[in-house]
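See below for the structure under consideration.
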Amino acid sequence: MIQLIAMISMLIDHIGVIYEISIFRYIGRLAMPCYSFLLCSGFYHSSKKQFYIIRLFGIFAVSQIPFYYLFGTNRLNICFVWLISALWLLIYDKNRGVGYFCLAPALVLLLAVPCDYGVIAFGWVLLFRFGMSWSSELSSELGSDVAYNKKALIKGFLMFSAALLLSFYDKVQIFALFRKKCVFLGSFFGKSVF
């Protein structure tokens with residue numbers, strides 16, 4: 001069901017980009033948190049995690065060329081973020097200490113390389129990953145029925161909040177809000193910031 005919601009909302013988002021329909025862009029914001037959840041879930045349940053990463057690399061390589069021509073941009077598509085996220089998940093699951101150490105280089109890479117959603121998508125992958133580990137710990141302590149309901153509530157809350165945040169605050173709007181604050185503070189202190 002989540003896959004269907006993700007695919008339909010992604011299609012709606014891409015139609016909104018091509019025909020410049022802003023309401024379609026807001027509806028399409030559901031795709032990224034859905035795919036973040038599916039990445040974590042698929043990686044968590046995969047028995048061959050290396051092949052999972054190889055498949056993600058294949059999807060990234062194949063989808064980058066149409067992405068470049070369709071949207072006319074030199075940015076990397078979101079599959080690059082999923083690839084970096086899956087690599088981090090692999091490192092983290094093998095050795096948590098090294099995983100925490102590799103968190104900073106992954107964030108720096110996603111900030112340095114222009115790509116769709118970048119750190120935002122990586123952050124949602126982290127939230128879903130840690131949410132899954134917390135809910136599995138809860139299920140072992142409380143029993144399957146109670147924990148399953150709490151697990152569903154946690155996942156639903158994370159999905160809803162991710163979609164809500166991304167619908168109203170994309171990167172451009174966040175920068176605009178930041179710039180307004182800096183201009184306001186600069187004029188308050190008699191200095192021009194921008």
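Would you check which residues across region 11-26 are surrounded by fewer than 18 Cβ atoms within 10 Å (Cβ to Cβ) and among the aliphatic types (A, V, I, L, M) and list them?
Within region 11-26, 11, 15, 17, 18, 21, 23 meet the criteria.
Looking at region 37-64 only, could you name the residues that are touching a residue at least 40 places away in the same chain (Cβ under 8 Å) and within 15 Å of residue 78 (Cβ to Cβ)?
Those that are touching a residue at least 40 places away in the same chain (Cβ under 8 Å) and within 15 Å of residue 78 (Cβ to Cβ): 37, 39, 40.
Scan region 43-62 and give yes if some residue there is more than 27 Å from residue 94 (Cα to Cα), of a type in the set (A, V, I, L, M) and part of a loop (DSSP other than H, G, I, E, B), otherwise no.
Within region 43-62 (the criterion being more than 27 Å from residue 94 (Cα to Cα), of a type in the set (A, V, I, L, M) and part of a loop (DSSP other than H, G, I, E, B)), the answer is no, since none of the residues qualifies.
Can you say whether residue 61 is within 19 Å of residue 123 (Cβ to Cβ) and of a type in the set (Gly, Ala, Ser), as far as the supplied structure shows?
no
Within region 35-51, which residues are at pLDDT 90 or above, open to solvent by less than 40 Å² (accessible area, probe 1.4 Å) and more than 17 Å from the chain's Cα centre (by Cα)?
Correct list: empty.
The values are calculated or read from the model by the stated rules, or taken from the named source; none is laboratory data. Being a predicted model, the structure only gives us computed values, none of them experimental. Glycine gets a Cβ as well: all are built from the backbone with ideal geometry, and neighbour counts include every protein chain shown. Ligands, DNA and RNA are stripped out before the accessible areas are found, and what is left, the full protein with its side chains, is counted by its heavy atoms. Shrake-Rupley method; radii C 1.70, N 1.55, O 1.52, S 1.80 Å.
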